[in-house]
Amino acid sequence: MGPVEHLHMSVFSQSFSPCGRFLAAGNNYGEIAIVTPVSLSAPLTPLLFLNFLYFSPSLVYSLSAHEGPVFSLFSTDSHLLSAGNGEISAWSWAELIKRNTKAAWTRRPNYKSSLEIPEINAMTVNPTENSLVIGGGDNNIHIMDLESGVFKSVLQGHTDYIHCLSVREREGEILSGGEDGAVRIWDHRTGQSVHCIEVYKYEECARPQYGKWISCLTTESDWMLCGGGPSLSLWHLRSMSPTSIFPLSGCQRQANFYQDMILSVGEGQCVSHCLLGGEVKAQIPCTPHSLNTLALNLNSTDNRVLTVGGSSHQIDVFTNLSYRTFSLSF
């Protein structure tokens, strides 16, 4: 890839392997980069992990996965799932580690027209039903059975693009956020929308200058975190009300719960560390000028790192949440 392509590259998605030793990252050119720190048989310590990442020039290889941007990546116990324009592909982690870049399978949702190729913006797995949940440019949520590969249902209700998804496994609920400004809560057993929260209509959350779209959404137990045009806010799902509003400038594109904190990225060059009560504890500078994705490696106790990507070919690596340790080049 030439210098012009590097200059205009954006990293949109990331996912760690189940073993925690490999990172996949997707960009706007339809490529997936695989970071391979060490061989699976090597004993790994945090220092060795850093040495391999920092000093070896051949850690990253990339594969051409989709014709359009890779907006979403998700790892199961055995496969890396990637979403492109109108399709989902699965890649065996065991084969990727060997640098075998052939997809295990590719599936396409049942769109209304064969000419319709909407982008897929979000993807997650419902473990209870062993199903893949995807949402994107056709305003619908498509659910695919992972065992058979068959798309079995469509959830309809959003009136514009779907940007983000989350699953509450214990409650049997799927949550979706979209361009229409709504967070919808679905009963996955019936396929019905049981609640609709229009976040932009709440005065404490509304920011008309940024619009009403919901770009990030995640849940933990009875709590929901969402934002975009409206301010990033923490909601109690039993009372359906916001409890904390985070005073972050710009639209937030991804936010995660982590221990007793919230980590968030979006417009701007910093990872924000927020307390659950609404205070911004710290903002840590990153290499990209605008941030799209953060990933916490929780699959390995030895390699507990945070990685951040955005409007750059570089992915920042944090071994301590308080500072950027180094950057990887896509």
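The values are calculated or read from the model by the stated rules, or taken from the named source; none is laboratory data. Predicted, not measured: the structure shown is a model, and the values here were computed from it. Reconstructed Cβ throughout: ideal geometry from the backbone, glycine too, with neighbour counts over all protein chains shown. Quick note on the areas: whole protein, heavy atoms, side chains included, nothing else; ligands and nucleic acids left out. Shrake-Rupley method; radii C 1.70, N 1.55, O 1.52, S 1.80 Å.
A few notes on this one:
- Unmet requirement for Glu129, which otherwise passes all of (1) crowded, with 19+ Cβ neighbours inside 10 Å; (2) closer than 23 Å to Trp105 by Cβ: (1)
- Extreme residue, farthest from Pro118 (Cα to Cα), among residues of the range 76-85 that are surrounded by fewer than 21 Cβ atoms within 10 Å (Cβ to Cβ) and in contact with a strand residue (DSSP E or B) (Cβ under 7 Å, 6 or more places away or on another chain): Ser78
- Among the residues of the range 270-286, some residue qualifies, meaning at least one is modelled with pLDDT of 95 or more, in a strand (DSSP E or B) and of a type in the set (Ser, Thr, Tyr).
- Some residue of the range 309-319 being modelled with pLDDT of 95 or more, part of a strand (DSSP E or B) and either open to solvent by 20 Å² or more (accessible area, probe 1.4 Å) or under 23 Å from Ser72 (Cβ atoms) (or both): yes
- Pick from the range 272-296, criterion surrounded by fewer than 21 Cβ atoms within 10 Å (Cβ to Cβ) and touching a residue at least 40 places away in the same chain (Cβ under 8 Å), ranking: farthest from Met261 (Cα to Cα): Thr287
- For first residues located in the range 128-151 and on the phi < 0 side of the Ramachandran plot and assigned to a loop (DSSP other than H, G, I, E, B), partners that are small (Gly, Ala, Ser) and buried (at least 17 other Cβ atoms within 10 Å of the Cβ) and lie 6+ apart or on another chain with Cβ distances below 8 Å form the pairs Leu146/Ser131.
- Among the conditions (1) open to solvent by 10 Å² or more (accessible area, probe 1.4 Å); (2) farther than 27 Å from Trp105 by Cα; (3) part of a strand (DSSP E or B); (4) of a type outside the set (Ser, Thr, Tyr), the only one that Val154 does not satisfy is (2).
- Conditions (1) within 23 Å of Thr243 (Cα to Cα); (2) outside any strand (DSSP E or B): number failed by Val183: (2)
- Residue pairs whose Cβ atoms lie under 9 Å apart, separated by 6 or more positions or on different chains, with the first residue in the range 251-263 and over 12 Å from Ser290 (Cβ atoms) and assigned to a loop (DSSP other than H, G, I, E, B) and the second aliphatic (A, V, I, L, M) and open to solvent by 40 Å² or more (accessible area, probe 1.4 Å), are Asp260/Leu275; Asp260/Leu276.
- One residue stands out in the range 220-230 among those that are open to solvent by less than 20 Å² (accessible area, probe 1.4 Å) and part of a loop (DSSP other than H, G, I, E, B): the one that is farthest from Ile245 (Cα to Cα), namely Gly229.
- Of Leu217, Leu248, all but one fail to be assigned to a loop (DSSP other than H, G, I, E, B), open to solvent by 10 Å² or more (accessible area, probe 1.4 Å) and modelled with pLDDT of 95 or more; the exception is Leu248.
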